1. All but one of (1) part of a helix (DSSP H, G or I); (2) modelled with pLDDT under 80 hold for Ala260; which doesn't?
2. Inspect all residues belonging to the range 21-33 and state whether any of them is farther than 26 Å from Glu107 by Cβ, buried (at least 18 other Cβ atoms within 10 Å of the Cβ) and in contact with a Pro (Cβ under 9 Å, 6 or more places away or on another chain).
3. From Glu41, Glu76, Glu61, grab the single residue that is among the charged types (D, E, K, R) and assigned to a helix (DSSP H, G or I).
4. List every residue pair whose Cβ atoms sit under 6 Å apart, with the two residues 6 or more apart in sequence or on different chains, where the first one lies in the range 30-42 and is within 13 Å of Ala133 (Cα to Cα) and the second, anywhere, is surrounded by 14 or more Cβ atoms within 10 Å (Cβ to Cβ).
5. Can you name the residue in the range 94-114 that is of a type in the set (Val, Ile, Thr) and touching a strand residue (DSSP E or B) at 6+ places or on another chain (Cβ under 9 Å) and, of all such residues, is modelled with the lowest pLDDT?
6. On the basis of being under 17 Å from Asp139 (Cα atoms) and at pLDDT 90 or above, does Gly53 make the cut?
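The values are calculated or read from the model by the stated rules, or taken from the named source; none is laboratory data. From a predicted model like this one, the values you see are computed outputs, not experimental measurements. Here the Cβ is made from the backbone with ideal geometry for all residues, glycine too, and neighbour counts use every protein chain on show.
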Amino acid sequence: MSVALTAAVPPNSMQQEPLRVMLVDDSVVIRGMISRWIGSEPDMVVAASLRTGRDAVNQLERINPDVAVLDIEMPELDGISALPLLLAKKRNLIVIMASTLTRRNAEISFKALSLGASDYIPKPESTREAGAAEIFRHDLVQKIRNLGAKLRRSGSVVPAHSVAPAPDRPREVPHRAHQAADPQLVRRSFGSQNPRVLLIGSSTGGPQALMNVVSEIGGVPDAEFREQDRHSLRWRVHALENDREAVKIAGQAVRAATQARDEARTANDAREMDRFTKREKRVGLILGALVAIGPWLAPFLHH
């Protein structure tokens, strides 16, 4: 069930009012939990609790929220599809994507950012875990507060309206007016080894800025990297061939040792059999001699 909780606030009084948060999630448990968290904060209020992205798009003008907490997987209209429609109706709407998918699927998160989402946060996979729920609560409230405060400071509060550009077009971020006043950046030359990885950290509100940075990064001079990769690949192939040859030689050595052992056992058995045969022959000769001279010795034995 989708419920609108408060009436829209006129634009001229939004600076003095708490942040208006619109919750969009098909889970009644999640909506109830987040509603309680936001309701306990003095500087924000739940403007509406909606079940689908379609409800959010249809009621955006009436609700006129500052921040929308948007789930990804929902019936009728999912969060990714609803996101550009919401921003088309209210271009300065702060949208925070909240879903378990954002933890397991970075591609969906980056797509949401490219479509204009301000930030994203992973929901705990189970609300029964007290520690995970508390972390989610803290992070979500801080994101809402910080992003909403940035919106209020900018003074760019624009009410929702129905005239908009194409729904599937990502939100454009204008260049900063004070760019010329920024201090001159000092670029440091690379060391003897070229970097292979670029790491950029971002906090609340940073993912959208990170998307702008990544989109404006030019081509990377990676010809040398590719040559190094080819050289490394050739070296690995050569090492693999050497390993195969070593395994082959080791296998031949094992087979030779096994054959020598078998031959030794066979030769030893032959020697033992030869000695046994010779002993049998000697015993046979002795017994034959005794049988031959037995009649001659019998008279002497009787006396």
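1. (2)
2. Scanning the range 21-33, I find at least one residue that is farther than 26 Å from Glu107 by Cβ, buried (at least 18 other Cβ atoms within 10 Å of the Cβ) and in contact with a Pro (Cβ under 9 Å, 6 or more places away or on another chain), so the answer is yes.
3. So the residue among Glu41, Glu76, Glu61 that is among the charged types (D, E, K, R) and assigned to a helix (DSSP H, G or I) is Glu61.
4. Between residues of the range 30-42 that are within 13 Å of Ala133 (Cα to Cα) and residues that are surrounded by 14 or more Cβ atoms within 10 Å (Cβ to Cβ), the close pairs are Ile34/Leu23; Trp37/Arg137.
5. So the residue we want is Thr102.
6. no
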